[in-house]
Amino acid sequence: MEAAVRRKLVAANWKMNGSSAANAQWVAAWRAVKAPCEVAVCAPFVYLPQVGAGLAGTSAELGAQNLSEQAPGAFTGEVAGEMLLEVGCRWVIVGHSERRAMYGENSELVAKKAARAVALGLKPIVCVGETLAERDAGRTLEVVGTQLAAVLSLCPVEQLASGALAYEPVWAIGTGRTATPAQAQEVHAAIRAQLARADTQAAQRARILYGGSVKPGNAGELFAQPDIDGGLIGGASLAAAEFAAICAAAT
Ligand code: 13P
């Protein structure tokens with residue numbers, strides 16, 4: 001079978017960072033950037049209208065960092081996918097390890113959120129990844145496989161391929177300790193093989209991003225791996241120039 005050509009995708013995850021002034025500076029700088037890849041910028045909820053307006057006419061699409069698994073209704077403090085669409089989001093991060101670890105999101109909830117996103121036509125970036133203890137215990141592929149299986153139980157690969165998967169080893173997030181290209185590639189290949197067991201063709205189309213201390217200096221060799229289709233960038237996405245340098249490595 002002919003290998004699918006997957007266009008690289010680089011997504012910024014600003015996490016709980018930003019301010020009206022900082023966002024305005026970021027988008028002003030971004031407007032001069034010509035990225036060779038697809039780009040998503042996932043901003044905090046309250047800034048989505050501002051950032052969306054700033055990105056208009058650029059190649060970057062707007063994304064959120066979370067959504068409710070519920071339809072609009074009596075869910076205090078939650079944000080529905082319908083609302084994200086209304087303010088211009090095309091993308092939404094689902095199941096980030098910070099939400100799993102600090103806000104009690106288990107794989108079942110993550111799967112429901114991913115299903116809700118695809119049902120609405122939002123492109124999910126579904127995150128999976130092991131902790132350091134799990135890696136040291138030799139359980140990386142088992143942990144990632146179990147997290148992915150939960151999502152696959154509710155979302156066909158075809159639908160997930162409209163968005164992306166993201167492999168984010170927890171020990172590499174915000175630590176400056178990146179997975180080596182070989183370590184990342186091993187997990188990415190396992191993820192693609194698991195997708196392929198459900199749907200061979202859609203698995204070839206699905207983009208699998210790497211996240212965890214990606215910087216301009218290491219992005220190129222990570223993105224050169226056969227199953228690494230781009231990145232999900234935290235700290236290094238907060239400065240537009242640094243993020244643009246990472247995007248430039250995604251050819
Ligand atoms: P860092 O790039 O800051 O390590 O964060 C990665 C991440 O969690 C992106 O979602």
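The values are calculated or read from the model by the stated rules, or taken from the named source; none is laboratory data. This structure is a prediction, so every number in the text was calculated from the model and none was measured. Cβ atoms come from the backbone with ideal geometry, glycine included; neighbour counts cover every protein chain shown. Surface accessibility is based on the protein's heavy atoms, side chains included, excluding ligands, DNA and RNA. Shrake-Rupley method; radii C 1.70, N 1.55, O 1.52, S 1.80 Å.
Taking the alpha-carbon distance from Lys113 and a cut-off under 13 Å, which aspartates and glutamates remain once sequence neighbours fewer than 8 residues away in the same chain are dropped?
Candidates past the 8-residue exclusion: Glu69, Glu78, Glu82, Glu105.
Over the Cα atoms of segment 180-219, compute the convex hull volume and normalise it per residue, giving Å³.
On the way: hull volume 2.6 nm³, N = 40.
Hull volume over Cα atoms, normalised by residue count, gives 64 Å³.
From the C-alpha coordinates alone, can you work out the Kirkwood hydrodynamic radius of segment 13-104, in Å? Let's see the in-between values first.
Details: mean 1/r = 0.0717 Å⁻¹.
Kirkwood hydrodynamic radius for segment 13-104: 14.0 Å.
With θ set to phi - 60°, apply the Karplus curve 6.51 cos²θ - 1.76 cosθ + 1.60 along segment 58-75 and write out the HN-Hα couplings as whole Hz, x wherever there is a Gly or Pro.
Using θ = phi - 60°, the values come out as 9, 7, 8, 9, 8, x, 10, 9, 5, 8, 7, 7, 9, 6, x, x, 7, 9 Hz.
Give the whole-number value, in cubic angstrom per residue, of the convex hull volume spanned by the C-alpha atoms of the chain.
Working: hull volume 29.2 nm³, N = 251.
Hull volume over Cα atoms, normalised by residue count, gives 116 Å³.
Express in % the proportion of alpha carbon pairs of segment 75-143 at distances exceeding 17 Å. Please report the intermediate quantities before stating the final value.
Numbers: 1180 of 2346 pairs.
Percent of Cα pairs beyond 17 Å in segment 75-143: 50.
Roughly how many debye, to the nearest 20, is the charge dipole of segment 129-237 about its Cα centre, given +1 on each Lys and Arg Cβ, -1 on each Asp and Glu Cβ, and no other charges? Don't jump to the answer; show the numbers that get you there.
On the way: 8 positive and 11 negative charges, 26 e Å.
Computed charge dipole of segment 129-237: roughly 120 debye.
Would you work out which of Leu109, Ala150, Pro216 lies farthest towards the positive end of the dipole of the chain, given +1 charges on the beta-carbon of Lys and Arg and -1 on that of Asp and Glu, about the Cα centre?
Going by the Cα projections, it comes out as Pro216.
Would you pull out the residues with amide H under 5 Å of Ile233's amide H, same chain only if 5 or more places away, H placed 1.01 Å from N?
Long-range HN contacts for Ile233: Ala11, Ala12, Asn13.
Residue separation times 0.36 nm, minus the C-alpha to C-alpha distance between Glu242 and Arg177: what's the value? Present the calculation step by step, with values, prior to reporting the outcome.
Values: separation 65, 0.36 × 65 = 23.40 nm, distance 1.77 nm.
That pair, Glu242 and Arg177, stretches by 21.6 nm at full extension.
I'd like to know which of Leu84, Ala74, Leu48 lies farthest towards the positive end of the charge dipole of segment 1-91, counting +1 on Cβ of Lys and Arg and -1 on Cβ of Asp and Glu.
The Cα lying farthest towards the positive end belongs to Leu48.
If I build a Gaussian network model for the chain, linking alpha-carbon pairs within less than 10 angstrom, which residue out of Thr180, Thr200, Thr76 has the largest mean-square fluctuation?
Comparing Thr180, Thr200, Thr76 in a Gaussian network model of the chain, the most mobile one is Thr76.
Which lysines, if any, have their Cα less than 25 Å from the Cα of Lys34, not counting same-chain residues under 8 positions apart?
Lys8, Lys15, Lys123, Lys215
Taking the Cβ of Arg116 as the center, what net charge do the other residues with Cβ under 14 Å away carry, scoring Lys and Arg +1 and Asp and Glu -1?
Net charge around Arg116: -2.
Could you give the accessible area per residue of the chain, probe 1.4 Å, as a whole number in Å²?
Details: 10520 Å² over 251 residues.
In whole numbers, the chain has 42 Å² accessible per residue.
Report the extension gain between Ser153 and Ser19 in nm, rounded to one decimal, defined as 0.36 nm multiplied by the number of residues separating them, less their alpha carbon distance. Walk me through the intermediate numbers first.
Working: separation 134, 0.36 × 134 = 48.24 nm, distance 3.81 nm.
Difference between extended and current length: 44.4 nm.
According to the Cα gyration tensor, what semi-axes, each the square root of 5 times an eigenvalue, does the equivalent ellipsoid of segment 62-209 have, listed from largest to smallest in whole Å? Working shown, then result.
Values: eigenvalues 125, 65, 35 Å².
Each semi-axis is the square root of five times an eigenvalue, giving 25, 18, 13 Å.
Calculate the spin-label point distance for Ala101 paired with Arg139, positioning each point 7 Å from the Cα along the beta-carbon direction, and give it in nanometres.
In this crude spin-label approximation the distance works out to 1.5 nm.
Report the semi-axes of the equivalent ellipsoid for segment 154-251 in whole Å, largest first, where each axis is √(5λ) for an eigenvalue λ of the Cα gyration tensor. Write down the numbers at each step before the final one.
On the way: eigenvalues 116, 36, 28 Å².
Those come to 24, 13, 12 Å.
Can you compute 3J(HN,Hα) from phi for each residue in segment 239-251, using the Karplus curve 6.51 cos²θ - 1.76 cosθ + 1.60 with θ = phi - 60°, rounded to whole Hz and x for Gly and Pro?
Whole-Hz 3J(HN,Hα) from phi for segment 239-251: 10, 4, 5, 5, 5, 4, 5, 5, 4, 5, 7, 9, 10.
Charges only on Cβ, +1 for Lys and Arg, -1 for Asp and Glu: so what's the dipole of the chain about the Cα centre, in debye to the nearest 20?
On the way: 21 positive and 22 negative charges, 81 e Å.
Roughly 380 debye for the chain.
With a/c under 1.5 counting as rounded, go ahead and sort segment 1-43 into rounded, prolate or oblate using the C-alpha gyration tensor (a ≥ b ≥ c being the square roots of the eigenvalues; past the cut-off, prolate if a/b is larger than b/c, else oblate). Working shown, then result.
On the way: a/c = 7.15, a/b = 2.16, b/c = 3.31.
Oblate, since a/c reaches 1.5 and b/c is not below a/b.
Just add up the charged neighbours of Ser213: K/R +1, D/E -1, any other residue whose Cβ is under 11 Å from the Cβ of Ser213. Don't skip to the answer; put the middle values down first.
Working: positive: Arg177, Lys215; negative: Glu168.
Summing Lys and Arg as +1 and Asp and Glu as -1 gives +1.
Do any chymotrypsin sites (Phe, Trp or Tyr not before Pro) in segment 68-170 lie in a DSSP loop with no more than 11 other beta carbon atoms within 10 Å, and if so, which? Present the calculation step by step, with values, prior to reporting the outcome.
Values: sites: Phe75, Trp91, Tyr103, Tyr167; in loops: Phe75, Tyr103.
When the chymotrypsin sites (Phe, Trp or Tyr not before Pro) of segment 68-170 are filtered for loop state and at most 11 Cβ neighbours within 10 Å, Tyr103 remain.
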